[in-house]
Amino acid sequence: MNGREYHFTTVEAFQKSIEAGEFLEHALVHDNYYGTSKVKVLEQLQAGNDVLLEIDWQGALQIREQFPDTVSLFILPPSIAELENRLNKRGQDSQETIKRRIQGAALEISHASDFDYVIINNDFGLALKQLSAVIESARCRTRQQALKNQALFAEFGIANRC
């Protein structure tokens, strides 16, 4: 929705934002421009919050270049037929748009092996459980623990080489 998940703007304004360096990542996907606000993400990171970005492979590559410690996750549909079924059930796109998205799915899916984790969204409950496990695992990385528990690491004499 405009102002919550998305902020709609003109192509010209979007391109000016790209030139001004306002995005952590941006891409043209399915004939629409998408980007992630640098300011909003950095605010959340500086506040110590986890940030989960729902972006395509192009954006994920751009994020990884800037944040090499990023944990990346690719969510696969159980099949192309089920993907098409889900897009139709959503009722948000025209048949032409759905056809274009299905045709583009092969390119998207070909990048799944570039990600740290893959979840196959066949059963939503299981997929959610797996996503939670990935998040918890990432929170337990040495670097994250050292940042959140500096006094404890110092007390134990654990060197922070991160």
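Listing for the model above:
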| item | result |
| --- | --- |
| Looking only at region 119-153, and only at residues there that are open to solvent by 70 Å² or more (accessible area, probe 1.4 Å) and of a type in the set (A, V, I, L, M, F, W, C), the one that is modelled with the lowest pLDDT | LEU147 |
| Any hit, region 73-88, residues being open to solvent by 60 Å² or more (accessible area, probe 1.4 Å), acidic (Asp, Glu) and in a loop (DSSP other than H, G, I, E, B) | no |
| Conditions (1) touching a helix residue (DSSP H, G or I) at 6+ places or on another chain (Cβ under 8 Å); (2) at pLDDT 95 or above; (3) closer than 18 Å to ASN121 by Cα; number of the one not met by TRP57 | (2) |
| Top-ranked residue of region 21-37 - restricted to ones that are open to solvent by 70 Å² or more (accessible area, probe 1.4 Å) and not hydroxyl-bearing (Ser, Thr, Tyr), ranked as modelled with the lowest pLDDT | ASP31 |
| Single match in GLY35, GLY48, GLY21 (criterion: assigned to a loop (DSSP other than H, G, I, E, B) and more than 24 Å from GLU136 (Cβ to Cβ)) | GLY21 |
| Residues (open to solvent by less than 50 Å² (accessible area, probe 1.4 Å) and not in a helix (DSSP H, G or I)) located in region 89-99 | ASP93 |
| Helices (runs of 4 or more DSSP H) completely within region 107-162 that count 1 or more residues being under 24 Å from ASN85 (Cβ atoms) and under 19 Å from the mean Cα position of the chain (by Cα) | 124-139 |
| Residue list for region 51-72, filter: of a type in the set (Gly, Ala, Ser) and either closer than 22 Å to SER137 by Cα or open to solvent by 70 Å² or more (accessible area, probe 1.4 Å) (or both) | ALA60, SER72 |
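The values are calculated or read from the model by the stated rules, or taken from the named source; none is laboratory data. Because the structure is a prediction, the values reported are computed rather than measured. Counting neighbours? That spans all protein chains shown, and the Cβs are built from the backbone with ideal geometry, glycine included. Accessible surface areas use protein heavy atoms only, side chains included; no ligands, DNA or RNA. Shrake-Rupley method; radii C 1.70, N 1.55, O 1.52, S 1.80 Å.
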